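The values are calculated or read from the model by the stated rules, or taken from the named source; none is laboratory data. No experiment lies behind these values; they were computed from the predicted model shown. Heads up, the Cβs are rebuilt from the backbone with ideal geometry, glycines too, and the neighbour counts pull from every protein chain shown. Side chains are part of the model used for accessible areas, which takes the heavy atoms of the whole protein and leaves out ligands, DNA and RNA. Shrake-Rupley method; radii C 1.70, N 1.55, O 1.52, S 1.80 Å.
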Amino acid sequence: MKKLLFILLLFSTSIPLFAQKFIAVDNYGRNRKKIYEGEQIIFKMKGEKTVYKDNVYALKDSSFILYKSGTEIPLTEVETIKFARVFPRVLFGGFGFIGTGFLISGAVQRGQLDSNGNSNIKHKDAQLVQGAVFWALAIAMRPFFWKNYRLEKNSQAQVLDLTIRKLP
């Protein structure tokens, strides 16, 4: 009986899930990205250099309302919408982690001699160079963190409403 009540409770609370409004960002007819209500949006307005970062509070027919400021932004005033790329960030973290390992191992126990009585300073210098190279590769990933969708004549952003309505 408890399971049946739980399932009925789930079905009764899932009715609003049928209402689907989202911002569809099309870039030259491919790679459609969707931004739903409550998700984060990063955008730049026309004629401004400031990049705004906020959550979408509500969607209207041709505009969206920001969560923190409550400002209504028409889609015609948005110049660029930015989306985060995952792969360059993973590479940044991996290269930085490996580079840090090489730098630490090159800095630890620098003045000790090995079992034959020889100095291992050249070996430690090579590790420092390797660590610096991995950090340079990590920093080279920074420009690829964001994918910019510039809204022009061949790309567009629009609010789509896929609400399922019952017929009378």
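Key figures for this structure:
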quantity: Amide H partners (placed H, <5 Å) of SER155, local residues excluded; calculated: TYR28
quantity: Unsatisfied cross-links (Cα-Cα over 23 Å) in the set LYS33/LYS166; LYS68/LYS153; LYS34/LYS153; calculated: LYS33/LYS166; LYS68/LYS153
quantity: Other-chain or far-sequence residues with amide H under 5 Å of TRP146's (modelled H); calculated: ARG85
quantity: Probe 1.4 Å - accessible area at THR50, Å² to nearest ten; calculated: 70
quantity: Net charge contributed by nearby residues that have their C-beta within less than 15 Å of VAL51 (K/R +1, D/E -1); calculated: +4
quantity: Solvent exposure ordering (accessible area, 1.4 Å, most first) of SER63, SER105; calculated: SER105, SER63
quantity: GLU79 long-range amide H proximity, modeled H, under 5 Å; calculated: LYS44, MET45, LYS46
quantity: ILE104, ILE65, ranked by accessible area, largest first (probe 1.4 Å); calculated: ILE104, ILE65
